[in-house]
1. For the condition assigned to a helix (DSSP H, G or I), modelled with pLDDT under 95 and of a type outside the set (Phe, Trp, Tyr), what is the one hit in 185, 174, 197?
2. Is it the case that region 198-208 has a residue that's closer than 26 Å to residue 137 by Cα and touching a residue at least 12 places away in the same chain (Cβ under 8 Å)?
3. Counting only residues that are part of a loop (DSSP other than H, G, I, E, B) and touching a Leu at 6+ places or on another chain (Cβ under 8 Å), which one in region 120-166 is surrounded by the most Cβ atoms within 10 Å (Cβ to Cβ)?
4. Are any residues in region 33-48 among the charged types (D, E, K, R) and crowded, with 20+ Cβ neighbours inside 10 Å, and if so, which ones?
5. Going by the structure shown, is residue 34 part of a loop (DSSP other than H, G, I, E, B) and either aliphatic (A, V, I, L, M) or under 27 Å from residue 173 (Cβ atoms) (or both)?
6. Residue check: is residue 25 surrounded by fewer than 16 Cβ atoms within 10 Å (Cβ to Cβ) and out of contact with any strand residue (DSSP E or B) (no Cβ under 9 Å at 6 or more places or on another chain)?
7. Taking the condition touching a Ser or Thr at 6+ places or on another chain (Cβ under 7 Å) and crowded, with 20+ Cβ neighbours inside 10 Å, does residue 173 pass?
8. Of all residues in region 61-92, count the ones that are in a loop (DSSP other than H, G, I, E, B), surrounded by 13 or more Cβ atoms within 10 Å (Cβ to Cβ) and in contact with a Phe, Trp or Tyr (Cβ under 8 Å, 6 or more places away or on another chain).
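The values are calculated or read from the model by the stated rules, or taken from the named source; none is laboratory data. None of the values given here were measured: they were computed from a predicted structure. Here the Cβ positions follow ideal geometry from the backbone for every residue, glycine too, while neighbour counts run over all protein chains shown.
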Amino acid sequence: MVHVGLQVPAVFVALAALFAVVQYATPGLADHDSYYHPRMARLMREQGLTPEFAWLPLSILNSTAYYDHHLLYHAYLSLFAGSSDPAELIAGAKLASVLMPALAGLAVWCLLRGQGVRWAALWALGVMAVSEAFLYRLSMPRAQAASLLVLVLALHWLLQRRDWTLLPLGFVYVWLYNAFPLLLVVAAIHAASAWAVERRLAWQPLAYAAAGLALGLVLNPYFPRNLSSFSSTWRQS
């Protein structure tokens, strides 16, 4: 059996190679919306964490109501946005979109290995064969892959009884992506499962997750604008 210290880089490299094949099959980015995010990352690099947003004045993203619901993801992308040149922005976004889903796949491996699943590395690679739509979504320079990473880590730590980790994870998730209520869904399903199987009232994960999300909303550079924008977005969806 391969030593765990060697499995980590091996799984990551294999996943990165898979997503590189998908990513570099075309010179462009997956999905037209994807071009917005590298540009926002570049603006963040030039202007700081909360750059001015002067576009879309007739939408809910007008300059007086705008808040960056991919804030932490844009901060991640900014590491790859070293130039304003469109070709270099695309190249950086492609690299970022290879590494992030590979990290999400590595988190799947951690989850499976933590539960004692045999051939966890093989199954982690197998998850990426769920569908072509799944690979497509994860290959976008958008926050879906990072969101999957957070949710898989949450489930892994829940099953390890490390409930307190949902507090910092919830905080990070709010800054990362506006799908952060999914963390409460994962915690609620875990609580329901614990009651059904063990007759154990596992309320602590829900409390930690809720506290982390609340802190992320309030201790936010866009507070309180983020609250009104978030509620408007969810009502329209």
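1. Criteria check complete, one pass: 197.
2. No, because not a single residue in region 198-208 is closer than 26 Å to residue 137 by Cα and touching a residue at least 12 places away in the same chain (Cβ under 8 Å).
3. 141
4. 42 - this is the single residue of region 33-48 that is among the charged types (D, E, K, R) and crowded, with 20+ Cβ neighbours inside 10 Å.
5. Taking the combined requirement at face value, the residue does not satisfy it.
6. Criteria met by residue 25.
7. no
8. Summing the residues that are in a loop (DSSP other than H, G, I, E, B), surrounded by 13 or more Cβ atoms within 10 Å (Cβ to Cβ) and in contact with a Phe, Trp or Tyr (Cβ under 8 Å, 6 or more places away or on another chain) in region 61-92 gives 6.
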